[in-house]
Amino acid sequence: MEAEDFAAHLTATMTGSALTMLIGVGHRTGLFEAAARGRATSAELAERAGLQERYVREWLGAMVTGGIFTYAEPHYTFPPEHARFLLGETASNMMSSLLTLSAFTGILPDLERAFAEGGGVPRSAYGPYLETLGAKPGDSWKHIYREHLVDGFFGAVPGLTDRLTAGARVLDLGCGTGNAIAVAARAFPASRFTGLDINPNVVEQARGIDLPNAGFAVGDAAELSADPPYDVITAFDAVHDQDRPDVVLRRVRGALAPDGLFFMVDTDFSSDVAANVGNPLAALTYSISLMYCTTTSLAEGGAALGAMWGREKARQMLADAGFRHVDVLDSPRPQNCIYVCRP
């Protein structure tokens with residue numbers, strides 16, 4: 001890359017960082033909701049949101065020049081085709097991810113200390129920053145499950161929805177607040193779903209899901225056992241975050257029925273950094289992996305696979321765990337793929 005092009009690249013990078021912060025401001029102050037009600041002058045928008053016009057006007061300048069709003073003097077417009085990515089209860093809404101990324105800046109001093117001294121940043125350190133900036137990391141997946149779990153994810157595997165319709169014993173590893181199970185249990189009432197997560201706080205929230213064929217338990221996936229075995233075990237974007245992923249995969253293999261299926265959704269990249277050059281999602285995912293996945297695992301003395309462990313590493317670890325048949329399928333999301341694993 002030529003010097004001038006690289007300077008422009010850095011400027012674009014800084015611009016994206018600044019806009020990410022101001023998008024968070026717009027979320028927390030209600031500006032996006034107010035703007036979605038229709039075009040407005042800066043004074044009208046400030047009045048709608050109950051804010052100071054001078055601040056709103058400067059914020060609008062960033063939104064217009066940043067390509068988020070449009071402007072036809074004296075009115076500012078938040079186009080509906082843009083609003084769906086920042087508002088609403090749909091899988092398109094990227095607000096939760098944007099807020100989470102901003103929250104990660106709070107742990108940077110601890111991360112930089114770990115660069116020099118070793119160790120990592122524990123998961124508990126993120127909570128105050130996520131709460132302060134209004135980030136709810138599970139929200140994006142909640143909408144994704146509602147829109148894509150049954151037809152997009154499960155539907156990608158031949159025969160899986162038929163099996164769940166007929167009735168199966170299903171375990172979801174790293175279930176979090178139970179969003180996937182809430183959707184699946186309603187869609188497949190003949191199946192029995194159990195969610196397992198090591199975090200008692202999220203399991204307590206999940207237990208608020210009142211469905212007769214769903215239950216939740218606190219537990220470490222590295223200590224998983226099953227009697228009787230499970231017909232299907234799922235893991236959504238969870239295996240690469242395990243402190244002992246090799247142990248977890250062996251435990252999963254051991255907890256499956258002989259004709260069982262391990263359905264693993266994870267990131268869709270190569271294990272080789274050179275092969276990821278040019279992938280528009282790679283730099284962002286490496287960054288998130290460093291600021292969360294890798295360091296939180298190292299804080300527990302874990303393997304620190306990171307989100308960019310890649311297809312090659314995943315296939316090798318699945319084979320080592322005893323899965324002789326592994327198919328990799330596309331998912332409804334470009335950053336994820338589906339591993340369909342059978343003994």
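Points worth noting:
- The relative contact order of the chain, computed from alpha carbon pairs under 8 Å that lie at least 6 residues apart in sequence, is 13 percent.
- Computed [θ] at 222 nm, helices only, for the chain once each DSSP H run of length n ≥ 4 contributes -39500 (n - 2.57): -12500 deg cm²/dmol
- The slack in the chain from Y129 to A187, taken as 0.36 nm per residue of separation less the alpha-carbon distance, amounts to 17.3 nm.
- Pairwise label distance in nanometres, S287 with D227, each label 7 Å out on the Cα-Cβ vector: 5.0 nm
- Sorted by Cβ neighbour density within 10 Å, fewest at the top, the residues L305, L10, L281, L22: L10, L281, L22, L305
- Cα gyration tensor shape for region 3-87, rounded if a/c is under 1.5, else prolate or oblate: prolate
- Placing R0 at 30 angstrom, the Cβ-Cβ distance between S271 and E117 gives a FRET efficiency of 0.65 after rounding to 0.05.
- Selection of GluC sites (Glu not before Pro), region 1-88, meeting DSSP coil and at most 16 other Cβ within 10 Å: E2
- Bridge orientation summary for the chain: considering DSSP beta bridges with both residues in this region, about 45 percent are antiparallel.
- For peptides 64-75, 202-213, 229-240, sequence by mean Cβ density within 10 Å, most packed first: 229-240, 202-213, 64-75
- Dipole size of region 3-87 about its Cα centre, with +1 on Lys/Arg Cβ and -1 on Asp/Glu Cβ: approximately 320 debye, rounded to the nearest 20.
- Translational D in µm²/s for region 102-156 (Stokes-Einstein at 10 °C, 1.306 mPa s, Kirkwood Rh from C-alpha pairs): 118 µm²/s
Quick note: the coordinates plus some simple rules give every number you see, no bench work behind them. These numbers come from a predicted model, not from an experiment. Cβ atoms come from the backbone with ideal geometry, glycine included; neighbour counts cover every protein chain shown.
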